[in-house]
Amino acid sequence: MAGSANGVRPVPPLQPVPPVPRRAATPPAALDLLDQARHGLAEAATLQAPHERYATAHLAALRTAAAVLAVRGRPETSERRRRRIRSAWEVLPEAAPELTEWSALFASGAPRRARAEAGIRSAASRRDADDLLRDATDFLRIAERMVVRRLGDAPHHRCAAVSSNAGRA
C-alpha cells in the first residue's frame, strides 16, 4: 500500500462541492403573459355580450398558452417547419404534452373566436361564452402551476380574482 509508513493511505484534500444547479427563474415574459391572461379573464367576466366575452376569454387562453411556450417552447429545428407558421395550439402539445386536450379544446374554438372578434353576435351563445370562460380560467390555473417555478416568481394579482363561476347567469 502506498502512503504513510504505517500503511494508512493519506486522505486527499477535500474538493469543493459544486453547487446544485437550480432551475432558472421564470422568464419575465411568461409572467407578463400570465398577468395579461388574468386581466383578460377578469375583463371577460364583466362583458355582457356573449360574443365579446367568448373572444376575450379565448384570447386570455391564448396568452396562457404563450406563457407556457415561453418557458417550455423550443425553436423549430428543421428549415421546412420554420417556414410554416403554426398556431400556438398546434405547438403547445409538443412543448407540454400534458396540455394536449386543452390545446385541442381551444384550437376548436379559434374559428368561433375569429367570428366573434369580427363582431358577429351569433358567433357565441351565453352558454358558449360561460363555458369557455370557465375552461380558460381552469387552464390558467394549471398553466400557472407549471410555469411559476419559485415562490418569489408568483404572478402579481393586480386584477380582480376570477372565480370559476365568473360569467354565469
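The values are calculated or read from the model by the stated rules, or taken from the named source; none is laboratory data. Keep in mind that this is a model prediction, so the values were computed, not measured. FYI the Cβ positions are ideal-geometry reconstructions off the backbone, even for glycines, and counts take in every protein chain you see. Surface areas here come from the heavy atoms of the whole protein model, side chains and all, with no ligands, DNA or RNA. Shrake-Rupley method; radii C 1.70, N 1.55, O 1.52, S 1.80 Å.
Some notes on this structure:
- Comparison of Arg145, Arg81 shows that the only residue that is at pLDDT below 95 and more than 22 Å from Asp35 (Cα to Cα) is Arg81.
- Checked against (1) on the phi < 0 side of the Ramachandran plot; (2) in contact with a helix residue (DSSP H, G or I) (Cβ under 8 Å, 6 or more places away or on another chain), Glu94 passes all but a single condition, namely (2).
- Criterion applied to Ala116, Ala123, Ala107 was being buried (at least 22 other Cβ atoms within 10 Å of the Cβ) and over 21 Å from Thr26 (Cα atoms), and the one residue passing it is Ala116.
- In segment 12-26, residue modelled with the lowest pLDDT [restricted to those that are open to solvent by 40 Å² or more (accessible area, probe 1.4 Å) and under 23 Å from the mean Cα position of the chain (by Cα)]: Arg22
- With a requirement of 2 or more residues that are of a type in the set (Phe, Trp, Tyr) and closer than 26 Å to Glu43 by Cβ, the helices (runs of 4 or more DSSP H) lying completely within segment 66-146 that satisfy it span 100-117.
- Segment 109-142 - residue that is within 18 Å of the chain's Cα centre (by Cα) and small (Gly, Ala, Ser) and, of those, nearest to Ala37 (Cα to Cα): Ala136
- Selection within segment 43-59 - open to solvent by less than 20 Å² (accessible area, probe 1.4 Å) and assigned to a helix (DSSP H, G or I): Ala44, His51, Arg53, Tyr54, Ala55, Ala57, His58
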